[in-house]
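Step one of this worksheet: look at the structure below.
Taken together, the values in this text are just the output of simple stated rules run on the coordinates, not laboratory data. On a predicted model such as this, the values are computed, not experimentally measured, just so you know. Cβ: placed from backbone, ideal geometry, glycine included. Neighbour counts: every protein chain shown.
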2 protein chains.
Amino acid sequence: MSRSHTRVAEAVKDEACPVTEVLDRVAGKWSIGILIAAAHGPVRFTELERAIKGISRRMLTLNLRRLERDGLLIRTVHPTVPPKVENRLTPMARELHDSLTGLVGWAERHRSTIAAARVAYDTAAEQRPDTD
Amino acid sequence: MSRSHTRVAEAVKDEACPVTEVLDRVAGKWSIGILIAAAHGPVRFTELERAIKGISRRMLTLNLRRLERDGLLIRTVHPTVPPKVENRLTPMARELHDSLTGLVGWAERHRSTIAAARVAYDTAAEQRPDTD
DNA sequence: CTGCATCCTACACGATACTG
DNA sequence: CAGTATCGTGTAGGATGCAG
C-alpha cells in the first residue's frame with residue numbers, strides 16, 4: 001500500500017491543489033451549515049437566519065455572497081416592498097451537499113467518541129507537570 | 001488551557017449543531033490535507049511536511065496535536081536517537097477520510113466552473129459603478 | 001425584510017530561531 | 001528528526017447601529 005497514494009501526496013503540494021481549493025470554499029464556521037440549510041429548496045434570508053441559529057446577520061450575508069460568487073448559490077431578489085430574497089443551491093452545490101451530509105453524519109456518529117478522546121487527552125496532559 | 005472556545009460555543013447548543021462540530025474539526029487550512037496525506041498508513045513527521053508542502057512546521061505540529069486530541073490520529077513516538085514519530089489515522093478518521101475524498105473529488109470536478117463563476121461575479125460587480 | 005458600515009477581539013497562520 | 005518558543009500579520013467573526 002504505497003504507490004497509489006503517491007498521487008495524493010502530489011495533489012496536495014501547492015496552493016493550487018484542490019484540497020486547499022475546497023477548503024477555502026467550505027472553510028469558515030457557517031458555510032457548511034448554510035449549504036445544508038439551503039439545500040431543501042428556496043429559502044429566504046430570515047429563514048436561514050433562524051434555521052442556523054447562532055449566526056449573525058453579517059456572517060450570513062457575507063457567506064451567502066461568497067457562495068453566490070463561487071456559483072454555489074443562486075440569489076433571487078424579488079423587488080417587492082418588503083424585500084424578498086430566495087436562496088437556492090445550484091446543482092453543483094447539491095453534489096457538494098452530499099459530501100457535506102456525509103461529513104455531518106460522521107460527526108454525529110463519532111461525536112461522543114471524540115469528546116471522550118478530548119477529555120482523555122486533556123486529562124493525560126494535566127497529569128504531566130511537564131505539559132503544564 | 002483550553003478556555004476561550006468561542007468557536008464552538010461549547011455545550012449550549014452542541015446537540016443542535018453537529019454541523020459546527022465537524023466544522024471545527026475540519027476547519028483550518030491544513031486539517032483535510034493532513035488527514036488525506038496520513039491516510040495511507042504510518043507517516044513520519046517530515047514525510048507529511050514534504051507531502052503537504054506549503055505547510056509550516058508549526059502548523060503541522062499544531063494540527064497533528066489537535067487531530068490526536070480528537071482521537072483522529074495516533075502518534076507513535078519511537079525513542080530512538082534520531083527521533084522517529086509515526087502518525088496514522090484511527091478507524092474513525094478513516095471514515096472521515098472517505099467523506100473528505102468525496103469533497104476533494106467534488107472540488108476537482110467543479111474547480112473550473114467555480115473559477116468561472118467567480119470571474120463572472122467579479123466582472124459583473126465591476127460593471128456596476130453603483131457598487132463602487 | 002434584507003442588508004451594509006463600523007468597530008473590535010480572537011485566533012489561525014507564517015517566519016524565524018532554538019533544542020533534545 | 002521532530003519538535004518548541006516567540007513575534008507579527010491577516011482576517012474571520014461578533015456586536016451594534018443605520019438604511020432601502
Can you tell me how many residues in the stretch A:25-37 are more than 8 Å from chain B (Cβ to nearest Cβ) and over 8 Å from the mean Cα position of the chain (by Cα)?
1
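Among the candidates A:L96, A:L35, single out the residue that is touching a residue at least 60 places away in the same chain (Cβ under 8 Å), assigned to a helix (DSSP H, G or I), away from DNA strand D (no atom under 16 Å from the Cβ) and in contact with a His (Cβ under 9 Å, 6 or more places away or on another chain). Write out each step before concluding.
Details: A:L35 fails: away from DNA strand D (no atom under 16 Å from the Cβ).
Step by step, each of A:L96, A:L35 is checked, and only A:L96 is touching a residue at least 60 places away in the same chain (Cβ under 8 Å), assigned to a helix (DSSP H, G or I), away from DNA strand D (no atom under 16 Å from the Cβ) and in contact with a His (Cβ under 9 Å, 6 or more places away or on another chain).
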Over the stretch B:38-54, the set of residues assigned to a loop (DSSP other than H, G, I, E, B), more than 9 Å from every other protein chain (Cβ to nearest Cβ) and either within 11 Å of DNA strand C (Cβ to nearest atom) or surrounded by fewer than 19 Cβ atoms within 10 Å (Cβ to Cβ) (or both) is B:P42
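Just wondering, is there one or more residues in the stretch B:63-77 that are of a type in the set (V, I, T) and in a helix (DSSP H, G or I)?
If we filter the stretch B:63-77 for residues that are of a type in the set (V, I, T), which is where we start, we get B:74, B:76-77.
Next, from what is left, pick out any that are in a helix (DSSP H, G or I): none.
Among the residues of the stretch B:63-77, not one is of a type in the set (V, I, T) and in a helix (DSSP H, G or I), which makes the answer no.
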Assess whether B:I74 counts as being more than 7 Å from chain A (Cβ to nearest Cβ), crowded, with 20+ Cβ neighbours inside 10 Å, over 18 Å from A:T101 (Cα atoms) and within 14 Å of DNA strand D (Cβ to nearest atom).
no
Can you name every residue in the stretch B:77-115 that is loosely packed, with under 12 Cβ neighbours inside 10 Å and either more than 23 Å from A:T101 (Cβ to Cβ) or more than 14 Å from chain A (Cβ to nearest Cβ) (or both)?
B:V77, B:H78, B:P79, B:T80, B:V81, B:P82, B:P83, B:S112
